[in-house]
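First up is the structure itself, then whatever we jot down about it.
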Amino acid sequence: MTDDLTSRLLARSELHGEFVLSSGQASTVYFDKFRFLTDPDLLDELANVVAAMLPEGITHLASPEGAATLLLAPVALRAHLPMAVVRKAPKQYGTRSQVEGEIGDGARVALLEDVSTTGHQTLAAARALEGLGATIVRIILTIDRGGADGLRANGYEVDAVISLRPQ
């Protein structure tokens, strides 16, 4: 990862004002992930960086539903790995699945997330995948605002493209 890419990702996504984070915490800084995940040039560079961070021996990629899926697809294409999307809750129709995509017993997964402040959504996704028999080999956060700490406390290996102290 280049300092230039880090600077551009932060410059593109960092907003100042009064915000409530998904954790319920108040913050004067917000990182709008859609500002870099919807920019084709930044997304392309970020996907290359994340693909290079993938550990050996993984068989699948996954992400929680939402914006992280915008990163999941290009990384999966680069790594030539199948992917899964983890819903917050099982859908109430059709297959009634919480995890979309073929993944299960024996899968070795790298779980991708965009911005993490508490790690709660990522932890829930990891547990849902483990409930299907998958092993979470590594969690990769694009921007870590402190969420990596909680994930590590739960026994997960975590890397981040950009690590920041909680605001």
**OP:** Given the options T117, T69, T38, state which has the largest fluctuation in a GNM of the chain using a 10 Å cut-off (strictly under) for Cα springs.
**Re:** T38
Original post:
In what sequence do Y93, Y30 fall when counting other Cβ within 10 Å, fewest first?
Top reply: Y93, Y30
Subject >> Highest-fluctuation residue, L21, L111, L54 considered, GNM on the chain with Cα pairs under 10 Å >> reply: L21
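Using the number of other C-beta atoms within 10 angstrom as an exposure proxy, rank E18, E113 with the fewest first. Don't jump to the answer; show the numbers that get you there.
Details: E18 8, E113 30.
Fewest-to-most Cβ neighbours within 10 Å comes out as E18, E113.
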Subject >> Helix-only CD estimate at 222 nm, as mean residue ellipticity for the chain, using -39500 (n - 2.57) per DSSP H run (n ≥ 4) >> reply: -10500 deg cm²/dmol
Original post:
Going by how many other Cβ atoms sit within 10 Å of their own, how do H60, H120, H16 line up, fewest first?
Top reply: H16, H120, H60
Subject >> GNM top mover of P74, P82, P40 - the chain, alpha-carbon springs below 10 Å >> reply: P40
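Which whole-number percent gives the relative contact order of region 32-121, counting Cα pairs below 8 Å spaced six or more residues apart?
Working: 123 pairs, mean separation 28.7, N = 90.
In percent, rounded to a whole number, it is 32.
If a helix is a whole DSSP H run, which ones in the chain reach 18 Å or further along their own axis (Cα) and hold a mean Kyte-Doolittle hydropathy of at least 0.0?
Values: long enough: 40-53 (20 Å, 0.82).
What comes out of the filter, once short or polar helices are dropped, is 40-53.
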Subject >> T117 long-range amide H proximity, modeled H, under 5 Å >> reply: R145, G147
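Read the figures in this text as sums done on the coordinates, not as results from a lab. Source: prediction; values computed, not measured. Using ideal geometry, Cβ is built from the backbone for each residue, glycine included, and neighbour counts are taken over all protein chains shown.
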